[in-house]
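**Q** Can you read through this structure? Questions will come right after.
Since every read-out is calculated from the coordinates, none of them should be taken as a lab result. Predicted model, so just to flag it, every value in this text is computed and none were measured. Heads up, the Cβs are rebuilt from the backbone with ideal geometry, glycines too, and the neighbour counts pull from every protein chain shown.
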Amino acid sequence: MELSYKIVPNMFIIDFFRKRSLKKNESKIETSIKPLESIKSAVAFIDVEDSSFSSCKNEILSFYRENGIKGDIFFFDFRKLSDTERLITSINTTILRKDLNFYGRPSQEKISLMLEQKPDLFISLVNKDDFPIEYMAKCCEAGFKIGRKQLPGGVFDMVFSGTESEDGVPTPEYDIFLRMKELLQKIK
């Protein structure tokens, strides 16, 4: 009889590594609300599992063009794809489940790609407060950060939360981005 086992790290160990990694890599830059005219570069994070992800991606790209912003979009795609399914986003800017280490930190390649953009604006349309988005938001050196859910330590300068419909479906990220865009255009 052969015995097999799987080592499952407990949450104490995972929390220890998460806190240590954040302490080492967290941005020290002071953040605040900034007018749109002062924003020259941006990164946005969207969730591929959101029903409006494709139209949201197009709206963000349009927003970048209209405002002369050099920007990138990163995708969170933690779905389990079958052999017949294909990735619908760029592999370079998509953070997959396999890109996370055992405590949830995205790969150094994805982190470096975000950091080399030197964004002035960080936008998270991810409707979760999981460690991967927390890590990316806290490590990004953008001077203005916007999100959907406030993260521990008050990371975001502005938070846009949607309301769930009667059937429990959260507001699509496309609708949230339209509200963000409208408010950003009013900040002087």
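**Q** Got a sec to turn the phi values of the range 86-96 into Karplus ³J(HN,Hα) couplings, 6.51 cos²θ - 1.76 cosθ + 1.60 with θ = phi - 60°, whole Hz, x for Gly and Pro?
**A** Along the range 86-96, the couplings run 10, 5, 9, 10, 5, 5, 5, 10, 10, 9, 9 Hz.
**Q** At most 12 other Cβ atoms within 10 Å and a DSSP loop assignment: could you name the GluC sites (Glu not before Pro) in the range 70-118 that fit?
**A** When the GluC sites (Glu not before Pro) of the range 70-118 are filtered for loop state and at most 12 Cβ neighbours within 10 Å, E85, E116 remain.
**Q** Need one number: % antiparallel among DSSP beta bridges in the range 1-129, to the nearest 5.
**A** Details: 1 of 15 bridges.
So the antiparallel bridges in the range 1-129 amount to around 5 percent.
**Q** Where does helix 173-184 land angle-wise versus the long Cα axis of the chain, in degrees 0 to 90, nearest 10?
**A** For helix 173-184, the angle is close to 40 degrees.
**Q** For the Cα atoms of the chain, what angle does the longest principal axis make with the long axis of helix 53-66, in degrees from 0 to 90, nearest 10?
**A** Once rounded, the angle reads 40 degrees.
**Q** Students often check this: by mean Cβ neighbours within 10 Å, which of 11-21, 143-153 ranks highest, and how do the rest follow?
**A** 143-153, 11-21
**Q** Need the full-extension length gain, D167 to K23, defined as separation in residues times 0.36 nm minus the C-alpha distance. One decimal, nm. Before the final figure, lay out the partial values.
**A** Numbers: separation 144, 0.36 × 144 = 51.84 nm, distance 3.94 nm.
Roughly 47.9 nm would be gained on extension.
**Q** Need one number: the % of Cα-Cα pairs in the range 74-176 sitting beyond the 19 Å mark.
**A** 49 percent
**Q** Set the Förster distance to 30 Å, then compute FRET efficiency between N92 and S51 from the Cβ-Cβ distance, nearest 0.05.
**A** 0.80
**Q** Gain in length, S62 to I13, computed as 0.36 nm per residue apart minus the alpha-carbon separation, to one decimal in nm?
**A** Value of the extension gain: 13.4 nm.
**Q** Calculated FRET efficiency, F102 and Q150, Cβ-Cβ r, R0 41 Å, to nearest 0.05?
**A** 0.95
**Q** Pairs K19/K57; K28/K128; K145/K186; K24/K70; K19/K186; K80/K128: which are spaced more than 26 Å apart, C-alpha to C-alpha?
**A** Long pairs (Cα-Cα over 26 Å): K19/K57; K24/K70; K19/K186.
**Q** When Lys and Arg each count +1 and Asp and Glu each count -1, what net charge do the other residues less than 14 Å away from N92, Cβ to Cβ, add up to?
**A** -4
**Q** Another question, if that's okay. Fully extended, how many nm does the chain gain between K70 and Q185 (0.36 nm per residue separation, minus their Cα-Cα distance)? List each step's numbers first, then the result.
**A** Details: separation 115, 0.36 × 115 = 41.40 nm, distance 1.68 nm.
That pair, K70 and Q185, stretches by 39.7 nm at full extension.
**Q** Turning to a different aspect of this structure: If you take semi-axes √(5λ) of the Cα gyration tensor in Å from the coordinates, which of (1) 29, 20, 16; (2) 41, 15, 14; (3) 25, 22, 15 do you get?
**A** Computed from the coordinates, semi-axes √(5λ) of the Cα gyration tensor in Å corresponds to (1).
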